[in-house]
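The values are calculated or read from the model by the stated rules, or taken from the named source; none is laboratory data. What you see is a predicted model, and the numbers here were worked out from it, not measured in a lab. Neighbour counts run over all protein chains shown; Cβ positions are idealised from the backbone, glycine included.
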Amino acid sequence: MVGAPGKRLIFTLAGIRFVLDLDHVVEVLEQLAGRLDSRRSDLRKGIVGALDFRHTVIPLIDPTLMLGLVSAAHIFQRSVLVLCGSEGNWAVLVDRVEGLAPADSFRRAIIPPLFQSAPGFAGAEVVLAEDAPLMVFEPERFYGINRDLP
């Protein structure tokens, strides 16, 4: 999916809708069973295991751990977004992928005060699509050389 300019991917995580520039997305995986080695986890960094992707092993991040959220879905019922980053491919666990939307269908919004003080949401961006708020998912906040570790 890398190289599809002007599109954004919409997904949910713990009941919150997020949007991500499609330029970051390599592939969406609906089936996690048989691909995850949970023995290679580091929960302090949000890494829930190693994912077998195209004959390589990449870290699988669960953003709920860093955002202080709880997903109601079992790990094997969730979807995976494989993203490209400065250190190579890595993966993000999400509850559900909703679809794609043109980038110009979103407009900036002010983040609600409740989220401004929530762990992991400080400095986050909110956009509106058809007057519904979505959090902008910024991959570098969760994994990679630019990530600020707690």
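Comparison of ARG44, ARG17, ARG39, ARG8 shows that the only residue that is in contact with a helix residue (DSSP H, G or I) (Cβ under 6 Å, 6 or more places away or on another chain) and either in a strand (DSSP E or B) or not polar (S, T, N, Q) (or both) is ARG8. Checking the structure you have, find out if any residue of region 62-73 is part of a strand (DSSP E or B) and either polar (S, T, N, Q) or more than 15 Å from the chain's Cα centre (by Cα) (or both). No: zero hits. In this structure, ALA33 qualifies as touching a Phe, Trp or Tyr at 6+ places or on another chain (Cβ under 7 Å) and farther than 19 Å from MET135 by Cβ.
Checked against (1) surrounded by 20 or more Cβ atoms within 10 Å (Cβ to Cβ); (2) within 27 Å of ARG108 (Cβ to Cβ), ASP21 passes all but condition (1). Considering the conditions (1) buried (at least 16 other Cβ atoms within 10 Å of the Cβ); (2) within 19 Å of MET135 (Cβ to Cβ), ASN89 is excluded by exactly one of them, (2). Just one of (1) at pLDDT 90 or above; (2) under 23 Å from ARG8 (Cβ atoms); (3) of a type outside the set (Gly, Ala, Ser) fails for ILE111. It is (1). All conditions in (1) surrounded by 12 or more Cβ atoms within 10 Å (Cβ to Cβ); (2) touching a residue at least 24 places away in the same chain (Cβ under 8 Å) hold for ARG40, with the sole exception of (2). Scanning region 63-77 for residues that are crowded, with 18+ Cβ neighbours inside 10 Å and either modelled with pLDDT of 95 or more or of a type in the set (Val, Ile, Thr) (or both) yields a total of 1.
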